[in-house]
Amino acid sequence: MPLSKFVFYIFISMNYLAHAYLSFNDPDILAGNMINDYVKGKKKFDYPGAIQKGLTLHRAIDDFADHHPATHQAKQFFKAEYRLYAGAFVDVLYDHFLANDTNQFANDDVLNSFCQDTYSSLQNNFALLPPGFQQVLPYMRSQNWLYNYQYKESIEKSFRGLVKRAAYLSESAIAFTIFNQQYDGLQICYNDFFPALKQFAIYKLNQLNNS
C-alpha cells in the first residue's frame, strides 16, 4: 500500500489506552472503539448498532487527534528522523502521558482497576470481536499493556514493536532518545491536547447516542 496509508494504519493502531478511556465505561462503545483497526469497509455493518457507534467514535477521535495543533507540534520532535512515521511515535506517547495523568487516574490503583475492568469487558464481548483482536486480547491482558504504558521501559518496547510492524523503519533507538530528551516538551503537547480530545469525545458520543 502507499506509504501514507500504511503510516496512517500504524498511527491509529497504537493508542489502546486512550480509546478505552474515551469509551466512558460503555461496554459496546468500548468494543467498537478497540477493534476498529480490524474492521475494514462494509464489515462495520456486521456488528450491532451500539458497536458500530464505537467504531465511528474511534475514527472521529483519530481524525481530531491528527488535526490538533498540539499533535502537529509533538510530531516535530520526531519529524527529521522519522518523517511520516512521527505520528506513530506520538500516538504511543499520548498513552504514556495519559497513564500518568492524575487528572484522569487519581492513583496507580485507579489506573489498574480501570485496565482490569477494560479487559473483563472486552472478554465478555469476546464472541463479537474480530479474529485478529481475539488473538491480541489475551496478550494485552496477561501482559497488562494498558497499565504498563506508564513506564518508560514499556514505551521502549512499544517503539520496538512499532518498528517490527512497519515496512520502512529499521530502528527505534533514536525515537526513544528523543522521547527522553524532549520529555517536558512532549508533556506540554499532551497537556494541551488531551482535555480538548476528551471534550470532543464526550460531544461526539452524545451526538451518536442521540442520532
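By the count of other C-beta atoms within 10 Å, a proxy for reagent exposure, 81, 153 are ordered fewest to most as 153, 81.
Net charge near residue 151: determine it from the other residues with C-beta under 13 Å of the C-beta of residue 151, scoring Lys and Arg +1 and Asp and Glu -1. Don't jump to the answer; show the numbers that get you there.
Numbers: positive: 152, 157; negative: 95, 108, 153, 156.
Cβ neighbours under 13 Å give a net charge of -2.
Comparing 198, 75, 53 in a Gaussian network model of the chain, where Cα atoms under 10 Å apart are tied by springs, the biggest mean-square fluctuation is seen for 198.
The angle between the Cα long axis of helix 108-124 and the longest principal axis of the Cα atoms of the chain comes to about 50 degrees, rounded to the nearest 10. Other residues lying with their Cβ under 15 Å from the Cβ of residue 75 contribute a combined charge of -3, Lys and Arg counting +1, Asp and Glu -1.
Give the peptides 91-102, 134-145 in descending order of average Cβ contacts within 10 Å, highest first.
Working: 91-102: 21.9, 134-145: 14.5.
Highest mean packing first, the order is 91-102, 134-145.
Only the coordinates and a few stated rules stand behind these numbers; no lab work does. Please read all numbers here as calculations on a predicted model, not as lab measurements. Using ideal geometry, Cβ is built from the backbone for each residue, glycine included, and neighbour counts are taken over all protein chains shown.
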